[in-house]
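Reading through the structure tokens given below for one structure.
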Amino acid sequence: MHDLTKGSIARNLLQTTSFMLVGMVFQTLYFLVDLKFVGMLGPTAVAAVGLSGNLMFFVLALTQMLGVGTTALIAHATGRKDRDAARLVFNQSQVLSLVVGVVFFLVMMALRVRFARAQSADPETARLAGEYLTWFIPSLAGQFAMVATAAALRGIGDFKPGMIVQTATVVLNIVLAPVLMFGWGTGHPLGVAGTAIASFAAVVVGVLGLIAYVVRKRGYLEFVRREWPPRLAMWGRMLAIGLPAGAEFALMGIYMAVIYSITRRFGAGAQAGFGIGLRVIQAGFMPVVALGFAVSPVAGQNFGARLGERVRATFRIAAVMAMGAMAVLWLICRFAPGPLVGIFNKDPGVLAVGSEYLKIVAWNFVPSGLVFVSSSMFQALGNTIPSLVSSLIRTALLVIPAVLMSRMNGFALHWIWYLSVSVVAIHATMNLLLLQREYRRKLTFADPAAAGAAAPVPPLAAAE
């Protein structure tokens, strides 16, 4: 366990972010290498694999639903120095993640063909997407156990094992993907299915690695069988925090599905260009995503310890870091979008759509950084409803006009990209205003002793 209620806030953020970022750098490298290899199979293959991006947002929604609540409650308990409460949350999160993971696997395997056909621009793209999803869905199902364990470790400030395991799995994925895709050394090329099989193997290794770490260390967190029977009150507390955060990612997934559906009329090349642009942005956002993962436990532990000024300072420092990182990404995508897309595919249609997409949505980057950090603050404070409300408004402002515009004569995809620029700015402004409101509601204590008297923490029994 690492006490994040003491010492320099900036140092705590940088240290925890660095552990997350190392793993995410490797994850980013995998995204780019995988996209490069898939690009060698042609635009149709890129479009087919790109369809998984929509499904990934829904999986992120579900894993966020579990992970955010787990991290917040464990961070609060750790800040209070209540190990028993932290351990109970950990064990209950493991059971809940197993249940959700199994349900997801069964439902999506039954719907994978229909999903591929609904999203694809042509039958060949649908066929390749179906092959890919056959193995990619099991790999996504395995993410639930891995995310739940990593989220619990983040809550106690232990970022290192997650970084090591994630790095190892990504390296394994990078090695296996081309071997399976092109049949290097085996003589049996599996095409797009090969990269999905590589992802599945890597996830299995990751899950086993994190479980082995917790079992062998037997530290602040440990598996306790008597705490495995479902405790619905505890699940309710985790989901009350996690569901709104997960719904935010689900809304993003809905937006991406709508955009993919709109791009169908422009052909597989347009879908591939959008898919590449989206992957590039996902890779470029990794530093801010890592920072967001760090903000929640740092602010959460300080909130649990009733250190209000340290909670506020965590956001101020993180916001400056996020804006700096996003400004660098803005420069790259504004002035070199073509070369970025061309790394993965040089088809003229793909280059045109991908380059235009990156150049326009680059204006979203700085406000998006503020959205990431502020959303993590809502998680740390244990109330993600405000963040969900602003995301609902953003999605409505994006999806409804996008659908209406797509039916107009002369419609072009860049209309949607320009729309997103204004909407993301509105989203960031709403988050900042709502965060100030949350400060007034929850950070009224003057010091830890006074706060303890004014706002006692519900006993563990109340959660059972």
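Quick look at the values:
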{"quantity": "Scan of the range 360-386 for residues that are farther than 20 Å from Leu307 by Cα, polar (S, T, N, Q) and under 15 Å from the mean Cα position of the chain (by Cα), ordered by number", "calculated": "Ser368"}
{"quantity": "Unmet requirement for Gly246, which otherwise passes all of (1) within 16 Å of Ser139 (Cβ to Cβ); (2) under 20 Å from the mean Cα position of the chain (by Cα); (3) open to solvent by less than 10 Å² (accessible area, probe 1.4 Å); (4) not basic (Lys, Arg)", "calculated": "(1)"}
{"quantity": "Given (1) open to solvent by less than 60 Å² (accessible area, probe 1.4 Å); (2) under 21 Å from Leu66 (Cβ atoms); (3) in contact with a helix residue (DSSP H, G or I) (Cβ under 6 Å, 6 or more places away or on another chain), number of the condition Gly236 does not satisfy", "calculated": "(3)"}
{"quantity": "Wholly enclosed helices (runs of 4 or more DSSP H) of the range 203-318 bearing at least 2 residues of a type in the set (Val, Ile, Thr) and over 20 Å from Gln119 (Cβ atoms)", "calculated": "286-304"}
{"quantity": "Qualifying residues in the range 198-208 (those that are open to solvent by 40 Å² or more (accessible area, probe 1.4 Å) and among the aliphatic types (A, V, I, L, M)) - the one farthest from Ser139 (Cα to Cα)", "calculated": "Leu208"}
{"quantity": "Given (1) open to solvent by less than 10 Å² (accessible area, probe 1.4 Å); (2) touching a Ser or Thr at 6+ places or on another chain (Cβ under 9 Å), index of the condition Val371 fails", "calculated": "(1)"}
{"quantity": "Matching entry among Ser390, Ser422 (being surrounded by fewer than 14 Cβ atoms within 10 Å (Cβ to Cβ), under 24 Å from the mean Cα position of the chain (by Cα) and without any contact (Cβ under 8 Å) to a residue 60 or more places away in the chain)", "calculated": "Ser422"}
{"quantity": "Scan of the range 214-228 for residues that are farther than 20 Å from Thr78 by Cα and free of Cβ contacts under 8 Å to residues at least 60 places away in the same chain, ordered by number", "calculated": "Arg216, Arg225, Arg226"}
{"quantity": "Scan of the range 320-335 for residues that are open to solvent by 10 Å² or more (accessible area, probe 1.4 Å), of a type in the set (Gly, Ala, Ser) and touching a residue at least 40 places away in the same chain (Cβ under 8 Å), ordered by number", "calculated": "Ala325"}
{"quantity": "Some residue of the range 161-180 being under 19 Å from Leu62 (Cβ atoms) and either in contact (Cβ under 8 Å) with a residue 24 or more places away in the chain or touching a His at 6+ places or on another chain (Cβ under 8 Å) (or both)", "calculated": "yes"}
{"quantity": "Hey, Leu190 assigned to a helix (DSSP H, G or I), more than 25 Å from Met256 (Cβ to Cβ) and open to solvent by 10 Å² or more (accessible area, probe 1.4 Å) or not", "calculated": "no"}
{"quantity": "Considering residues of the range 119-163 that are polar (S, T, N, Q) and open to solvent by 20 Å² or more (accessible area, probe 1.4 Å) only, the residue modelled with the lowest pLDDT", "calculated": "Gln119"}
{"quantity": "Residue match in the range 201-210 (condition: closer than 30 Å to Thr134 by Cα, more than 23 Å from the chain's Cα centre (by Cα) and of a type in the set (A, V, I, L, M))", "calculated": "no"}
{"quantity": "Residue within the range 111-122 that is part of a helix (DSSP H, G or I) and under 22 Å from Ala177 (Cα atoms) present", "calculated": "yes"}
{"quantity": "Search result, residues across the range 237-251 that are farther than 11 Å from Gln379 by Cβ and modelled with pLDDT of 85 or more", "calculated": "Arg237, Met238, Leu239, Ala240"}
{"quantity": "Tally, over the range 1-32, of residues that are at pLDDT below 80, farther than 15 Å from Gln282 by Cβ, assigned to a helix (DSSP H, G or I) and open to solvent by 40 Å² or more (accessible area, probe 1.4 Å)", "calculated": "3"}
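The values are calculated or read from the model by the stated rules, or taken from the named source; none is laboratory data. Just so we're clear, the structure is a prediction, and the values are computed from it rather than from any experiment. Quick reminder, even Gly has a Cβ in these numbers, built from the backbone with ideal geometry, and neighbours come from all protein chains shown. Accessible surface areas use protein heavy atoms only, side chains included; no ligands, DNA or RNA. Shrake-Rupley method; radii C 1.70, N 1.55, O 1.52, S 1.80 Å.
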